[in-house]
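Just so you know, all these numbers are worked out from the coordinates, no wet-lab data involved. All values reported here derive from a predicted model rather than from experimental measurement. Glycine gets a Cβ as well: all are built from the backbone with ideal geometry, and neighbour counts include every protein chain shown.
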Amino acid sequence: MSSITDQIKAELSAKNAVLVAHYYVSAELQVLAEESGGIVSDSLEMARFGQNCTAETIVVAGVKFMGETAKILSPEKTVLVLDEGATCSLDEDCQIDEFSAFCDQHADRTVVVYANTSAEVKARADWVVTSGSALNVVKHLKDQGKKILWAPDKHLGNYVKNETNADMLLWQGSCVVHERFKADALANLKAHHPKAGVLVHPESPQSVVDLADLVGSTTALINAVRDRPEQTFIIATDNGIFHKMREVAPNKTLIEAPTAGQGADCESCAHCEWMAMNTLENCLDTIKTGKNEINIDISVNQKAQKSIQKLLDFTA
Ligand code: 13P
Ligand code: SF4
């Protein structure tokens, strides 16, 4: 009997399928995606890769909004996710009816939504952005004199607002993983490692962002570990990212930012429970059976595609 990874590779090849994985899924899925001709990346590059690849089927190891984004950009392709229940607290915090009413109340504002949203919310938006592109898109809109309605992540929105001084009205969603990082415990840890660089994903609270040497998307954080001069880093993002960081910088020391401290509800819980639902077993099962297919209403798809395409063109 061949190994499960060999079986997945054989199924991918037989079905003309490609595995597209996020940095937060398990190391074994990340290795498999790269070895089988797919990609491991941040959410922006996952979307771009899916659109440009020639495979007929895109298998997404990540969360639901990533599968939906792949389908929106490649409606002619079959898109499968490994577990239909793998969602995201930001997506869940922003339901279309409530969000649409909010947009209607502020019709003078340009609607900018984070990629971590449903297809319907993207369809209601003027622009979709990712953590790697939000600052530049908002700067661009501000230069055009636009007022912005931002959703759903209040922390990322607050960070972008502070950096750009744009007029931004914020929806109040949050990421349950990044919200748990604690500034007081991080400051203590930093005092014990005074030479360490502190790298923070902007879904974290402002008090944590304030302690950062670099704030950026998952790709920006990985590049920082590789390129910056520090030998030690304290990392405030999902710990699934450590696999790629160790690969690109094997000699550096990586420390998880603390999720303990005042008001903490766990010692170290920096891992997304929905990303953890992606496994080799459900990967094989999904490709074999073709289950968990993403389907999006055609008119929703067309509208959402326009908002995402603006981003892809802007960042090309
Ligand atoms: P990136 O766009 O930086 O990959 O982030 C996606 C995400 O879900 C972070 O929690
Ligand atoms: Fe959503 Fe946070 Fe999980 Fe990213 S880490 S998928 S933002 S819940």
Hits in region 49-84 - residues which are more than 19 Å from the chain's Cα centre (by Cα) and of a type in the set (D, E, K, R): 56, 76, 77
Can you pull out the residues in region 181-202 that are within 22 Å of residue 152 (Cα to Cα) and in contact with a strand residue (DSSP E or B) (Cβ under 6 Å, 6 or more places away or on another chain)? 181, 200, 202
Matching residues in region 182-204 (among the hydroxyl-bearing types (Ser, Thr, Tyr) and surrounded by fewer than 17 Cβ atoms within 10 Å (Cβ to Cβ)) number 0
What number of residues within region 26-43 satisfy the criterion of being crowded, with 23+ Cβ neighbours inside 10 Å and more than 15 Å from residue 70 (Cβ to Cβ)? 3
All positions within region 162-181 that are surrounded by 18 or more Cβ atoms within 10 Å (Cβ to Cβ) and farther than 21 Å from residue 95 by Cα: 164, 166, 180, 181
Looking at region 284-299, can you tell me whether even one residue there is buried (at least 16 other Cβ atoms within 10 Å of the Cβ), in contact (Cβ under 8 Å) with a residue 12 or more places away in the chain and within 16 Å of ligand 1 (Cβ to nearest atom)? no
If I filter region 47-57 for residues that are within 15 Å of ligand 1 (Cβ to nearest atom) and surrounded by 23 or more Cβ atoms within 10 Å (Cβ to Cβ), do I get at least one hit? yes
Name the single residue that is nearest to ligand 2 (Cβ to nearest atom) among those in region 1-27 being assigned to a helix (DSSP H, G or I) and farther than 11 Å from residue 283 by Cα. 27
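Restricting region 216-235 to residues that are of a type in the set (D, E, K, R) and over 24 Å from residue 182 (Cβ atoms), which is farthest from the chain's Cα centre (by Cα)?
Within region 216-235, the match that is farthest from the chain's Cα centre (by Cα) is 227.
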Select from region 183-210 the residues that are away from ligand 2 (no atom under 16 Å from the Cβ), under 22 Å from the mean Cα position of the chain (by Cα) and part of a loop (DSSP other than H, G, I, E, B) and list them in ascending order. 210
Can you tell me which residues in region 85-109 are over 17 Å from the mean Cα position of the chain (by Cα) and among the charged types (D, E, K, R)? 97, 98, 104, 108, 109
For the subset of region 200-249 comprising residues that are touching a Ser or Thr at 6+ places or on another chain (Cβ under 9 Å) and small (Gly, Ala, Ser), which member is farthest from residue 162 (Cα to Cα)? 240
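Per-residue answers, yes or no, for (1) part of a helix (DSSP H, G or I); (2) surrounded by 22 or more Cβ atoms within 10 Å (Cβ to Cβ):
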{"residue": "219", "(1), (2)": "yes, no"}
{"residue": "224", "(1), (2)": "yes, no"}
{"residue": "229", "(1), (2)": "no, no"}
{"residue": "233", "(1), (2)": "no, yes"}
{"residue": "246", "(1), (2)": "yes, no"}
{"residue": "251", "(1), (2)": "no, no"}
{"residue": "254", "(1), (2)": "no, no"}
{"residue": "259", "(1), (2)": "no, yes"}
(1) of a type in the set (Val, Ile, Thr); (2) touching a residue at least 60 places away in the same chain (Cβ under 8 Å); (3) within 21 Å of residue 45 (Cα to Cα) all hold for residue 225 apart from (2)
Checked region 80-138 for anything surrounded by 21 or more Cβ atoms within 10 Å (Cβ to Cβ), among the small types (Gly, Ala, Ser) and more than 22 Å from residue 272 (Cβ to Cβ); matches are 123, 125
Take region 114-142 and flag every residue that is farther than 29 Å from residue 223 by Cα and either without any contact (Cβ under 8 Å) to a residue 12 or more places away in the chain or of a type in the set (D, E, K, R) (or both). 120, 124, 126
Among the residues that make up region 77-91, is at least one of them of a type in the set (Asp, Glu), within 13 Å of ligand 1 (Cβ to nearest atom) and part of a helix (DSSP H, G or I)? yes
